[in-house]
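Novice: Below you'll find the structure I mean.
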Amino acid sequence: MKIAVIDGYSTGRLLVSALRDRGARCVHVRSSPDMPEYFTRAFDASDYTELLDGGGDPAGLARILAASGVDRVVAGTESGVILADTLTHLMGLPGNRVETLAARRDKQSMADTAAAAGVAVPRGRRFEEADAAAAWFEASGLTEAVVKPPNSAGTDNVRFCRSVDEVRDACKSVLCADNLYGQPNTAVLVQERVRGVEYYANTVSHDGVHRFAELWRYTKRAGSVGHPVYDYEEPVPVDSAEAAPLLGFVTAALDALGIVSGAAHTEVMTTARGPVLIETGARLGGGTAPAVVERYAGISQTALLADTLLAPERLAEFRDAAVSWSGALRNVALINPAAGIAGPLDWTERLRELPTLVHLAHGVAPGRHLPATSDLINSPGYVYLAAEDPDEVERDYRALRALEEDGLYT
């Protein structure tokens, strides 16, 4: 089988490895020549039989892929969602509904589309001017707001605001910046801040059937510059009481957004009024090591997607509620508390001395400026901690944070 991967960066790179291990051939299509180095630094052209540019006419590209014998098209990361779904539609391949294409990329369209289907979303609006956004917040009656780009990912330029001035300043910051994918922010999204426990569901779908490969509980914290940053995440068994309110809600959100075939990463906040959709990405979840997840759960979203792309009938056979996690596992985001020049990488050995550390991924270059962590892009990396005893994981987590406060990276 031959599979075209649009922007095979981030977890998309690991998907390609899984597909190749299963005997598939892969074609790479880049949606833009200006993808930031954060995504492209680990790209390996030798993983692919062909390398194509997708910035021109989608119909022409669809003809090229069809003539090349491509059987499926999939997004490797968020930036490839629109082109991947456009190509599957043009080529008549399994994919998502074209009618809701915009709702799978623009967060305001996403909220409007989900709300129209009865899925709870935060109150909010999209603005092109900071003053208009501030005026809306002042008249809204909200006491807190989240300001963010409509077309980015992670915690890129996400700000929590409690006043009109804070909203205005945050909107100005977004509007004068590029998003995570190097594209100018021509608008800004202002939403009510919903409070509760945040989760994400990594699902795989085919022909409208959805399966939960992974369900995780987020913990975030305020970074040193006051912006929300990832702290850690822990898995939640799909058959647990904790998961029960999320399953039908996520399924309804996927249906509302027209996700029919492929991967999705859905973030949900459980609140006093019930689950609320934060956002959904029609692609694999990022910041993950599928091999580690598979070691402790027997499956990962990446593996399930690879299996489904090659043999769709396997998804219907997959029983998500039967997945069990062995021991305690925690995916911990690395946080640099103060900007400085990155030192030698001997800190990686100090982390590997933690008894529960089972995986370390980082992008720190010695001698280069390392900013204080304010979003996903400038986090030093992440680690997985695992043990039979959750107290051991907690102990090493606290030890890691103490090392960071002592200037681990700089």
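What follows draws every value from the coordinates through simple rules; no lab data is involved. No experiment lies behind these values; they were computed from the predicted model shown. Because the Cβ atoms are built from the backbone with ideal geometry, glycine has one as well, and the counts that use them run over all protein chains shown.
Novice: If I take R0 = 35 Å and measure r between the Cβ atoms of A139 and A102 in this structure, what FRET efficiency does the formula 1/(1 + (r/R0)^6) give, to the nearest 0.05?
Specialist: The pair A139/A102 has a calculated efficiency of 0.85.
Novice: Sticking with the crude label model, points 7 Å out along Cα→Cβ, report the distance from Q183 to A67 in nm, one decimal please.
Specialist: In this crude label model, Q183 to A67 measures out at 2.8 nm.
Novice: Quick one: dipole size for the chain, taken about the Cα centre, charges +1 on Lys/Arg Cβ and -1 on Asp/Glu Cβ, in debye to the nearest 20.
Specialist: 460 debye
Novice: Taking only the alpha-carbon atoms of segment 58-206, what semi-axes of the equivalent ellipsoid follow from 5 times the gyration tensor eigenvalues under a square root, in whole Å, largest first?
Specialist: For segment 58-206, the semi-axes come out at 34, 17, 13 Å.
Novice: Okay, moving on. Multiplying the sequence separation of L51 and S17 by 0.36 nm and subtracting their Cα-Cα distance, what value in nm do you get?
Specialist: Taking 0.36 nm per residue and subtracting the Cα distance, the gain is 10.6 nm.
Novice: Exactly which chymotrypsin sites (Phe, Trp or Tyr not before Pro) in segment 49-152 are in a DSSP loop and have at most 13 other Cβ atoms within 10 Å?
Specialist: Here no loop site has a sparse enough neighbourhood.
Novice: Next question, about the same structure. Once each part is reduced to its C-alpha centroid, what is the distance from segment 124-154 to segment 243-258 in angstrom?
Specialist: 26 Å
Novice: Quick one: compute a quarter of the convex hull surface over the Cα atoms of segment 193-314 and quote it in nm².
Specialist: 8.1 nm²
Novice: Let me ask another. If you stretched the chain out fully between F160 and A244, how much longer would it get, using 0.36 nm times the residue separation minus the C-alpha to C-alpha distance?
Specialist: Gain on extension, F160 to A244, equals 27.3 nm.
Novice: For segment 100-164, report the translational diffusion coefficient in µm²/s to the nearest whole number, using Stokes-Einstein at 25 °C, 0.890 mPa s, and a Kirkwood Rh over Cα pairs.
Specialist: For these conditions, the coefficient is 191 µm²/s.
Novice: Moving on. State the Cα centre-to-centre distance between segment 207-221 and segment 266-296 in whole Å.
Specialist: First find each Cα centre; the distance between them is then 4 Å.
Novice: Another question, then. Once you order the gyration tensor axes a ≥ b ≥ c over the Cα atoms, which shape class does segment 1-55 get: rounded for a/c under 1.5, otherwise prolate or oblate by comparing a/b with b/c?
Specialist: Judged from the Cα gyration tensor, segment 1-55 comes out oblate (a/c at least 1.5, b/c at or above a/b).
Novice: Take the alpha carbon atoms of segment 316-366, find their radius of gyration, then divide it by 2.2 N^0.38 Å using N residues; give the quotient.
Specialist: 1.71
Novice: Using only the Cα atoms of segment 282-338, what do you get for the radius of gyration and for Dmax, in Å?
Specialist: My reading of the Cα-based Rg and Dmax gives 14.1, 50 Å.
Novice: Charges at C-beta only: +1 for Lys and Arg, -1 for Asp and Glu. How large is the resulting dipole of segment 232-303 about its Cα centre, in Debye rounded to 20?
Specialist: 120 debye
Novice: Taking every pair of distinct Cα atoms and averaging 1/r, then inverting, what Kirkwood hydrodynamic radius in Å comes out for segment 238-287?
Specialist: Answer for segment 238-287: a Kirkwood hydrodynamic radius of 11.6 Å.
Novice: Using only Cα atoms, what is the ratio of the radius of gyration of segment 159-248 to 2.2 N^0.38 Å?
Specialist: Taking the Cα Rg and dividing by 2.2 N^0.38 Å, one obtains 1.41.
Novice: Any idea which of N331, L304, A291 is furthest toward the positive side of the dipole for segment 291-334, if Lys and Arg beta-carbons carry +1 and Asp and Glu beta-carbons -1?
Specialist: After comparing all options, I get N331.
Novice: List the trypsin sites (Lys or Arg not before Pro) within segment 1-61 that fall in a DSSP loop (any state other than H, G, I, E or B) and whose Cβ has at most 10 other Cβ atoms within 10 Å.
Specialist: Within segment 1-61, the qualifying trypsin sites (Lys or Arg not before Pro) (loop, at most 10 other Cβ atoms within 10 Å) are R41.
Novice: Rounding to the nearest 20 debye, state how big the charge dipole of segment 166-306 is about its Cα centre with +1 on each Lys and Arg Cβ and -1 on each Asp and Glu Cβ.
Specialist: 240 debye
Novice: Along its principal axes, what span do the Cα atoms of the chain show, with the longest given first and each in whole Å?
Specialist: 55, 53, 46
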